[in-house]
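*Asks:* One structure follows; several queries about it will come next.
What follows is calculated from the coordinates using simple rules that are stated; it is not laboratory data. What you see is a predicted model; the values in this text were computed from it and never measured. Heads up, the Cβs are rebuilt from the backbone with ideal geometry, glycines too, and the neighbour counts pull from every protein chain shown.
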Amino acid sequence: MRALSVPRFLGLRIFACAVGAVAVGVLFSGCATTTRPGEVGVERQQFMLVSAAEVERMSATSYNNQANQARAQGKLISSGPEYDRLRKIANRIIAQAGVFRDDTKRWNWQLTLIDSPALNASCMPGGKITFYSGIIRRLKLTDPEIAAIMGHEVAHALREHGREKVSRAMGQQLLLELALGGKSNSAEQIKFAQQVGNLLITLPNSRENESEADRIGIELSARAGYDPMGAVNVWRKMAAAGGGGTPEFLSTHPSHANRINELTQLQTVVRPLYEAAPKP
Ligand SMILES: [Zn+2]
């Protein structure tokens with residue numbers, strides 16, 4: 001099985017590339033952009049080797065595993081004032097996602113709040129948001145600051161940066177080793193899916209992806225009625241918190257002074273959206 005499976009795996013991709021221009025298949029979606037540019041003008045073309053449905057399925061599995069694990073440890077917060085506050089902000093941000101793409105109304109959006117000191121938050125492909133209580137409590141986040149982080153993370157999902165990361169890894173043959181497993185039985189298929197799911201979580205975003213998430217994120221939070229200065233403030237707090245060590249959120253989200261400058265410059269673009277928006 002081993003000798004057969006690798007050429008088959010590669011062959012599918014080569015075949016898909018060859019016919020990609022004619023028949024945009026499941027494996028090869030070619031160069032396109034996942035979102036409308038918005039006022040902040042994100043227009044970069046993206047190269048995808050793996051289908052959105054495949055990535056969403058793996059994300060959903062990883063996300064559910066994470067929630068189940070937190071529940072088993074008594075660390076899942078699913079009610080109370082802290083959860084309600086986060087839920088309200090999430091609903092307002094999610095309501096603006098349609099500005100950038102039409103299909104978000106059909107997404108199965110989910111919100112998980114985990115009791116943990118981690119300075120972290122994320123949104124996996126398909127709208128699976130996770131916040132750790134540590135980032136809210138330790139940084140004493142205001143609502144606009146939570147909205148800024150939420151907007152940034154949701155923007156990663158809208159842009160399908162996770163799918164891009166997996167596609168890039170495949171392109172660089174990092175996943176070839178995994179494919180060598182043969183995927184010949186269900187146990188191997190599950191292991192393969194879990195490993196790709198882990199990559200979705202652990203691979204760092206590129207600086208370019210971070211900049212896109214900052215730009216779309218600040219527009220989302222402004223349209224949702226949250227002061228866009230929250231984005232500047234939150235990165236100042238984050239940089240200050242990073243003084244002694246390296247919080248996880250900073251380690252996967254590089255650059256600080258540049259991002260604060262860019263977010264400051266974006267204020268003139270998004271402030272009119274904020275002023276026109278209904279406030280929470
Ligand atoms: Zn990010």
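*Asks:* Can you run phi through the Karplus equation (6.51, -1.76, 1.60; θ = phi - 60°) for the stretch 67-81 and list ³J(HN,Hα) in whole Hz, with x for Gly and Pro?
*Replies:* The phi angles translate into 5, 4, 5, 4, 5, 4, 8, x, 10, 8, 9, 10, 7, x, x Hz.
*Asks:* How much length would be gained if the chain were fully extended between residue 264 and residue 208, taking 0.36 nm per residue of separation minus their Cα-Cα distance, in nm to one decimal?
*Replies:* That pair, residue 264 and residue 208, stretches by 18.4 nm at full extension.
*Asks:* Would you order 226, 274, 83 from fewest to most other beta-carbon atoms within 10 Å of each residue's own beta-carbon?
*Replies:* With the fewest neighbours first, 226, 274, 83 line up as 83, 274, 226.
*Asks:* Give me the one-decimal nm value for the distance between modelled label points at residue 95 and residue 118, 7 Å along each residue's Cα-to-Cβ direction.
*Replies:* Placing both labels 7 Å along Cα→Cβ, they lie 3.0 nm apart.
*Asks:* Based on the mean of other Cβ atoms within 10 Å per residue, sort peptides 43-56, 64-77, 152-165 so the most packed one is first.
*Replies:* Descending mean neighbour count gives 152-165, 43-56, 64-77.
*Asks:* First measure r as the distance between the Cβ atoms of residue 36 and residue 88, then evaluate 1/(1 + (r/R0)^6) with R0 = 30 Å and state the FRET efficiency to the nearest 0.05.
*Replies:* 0.70
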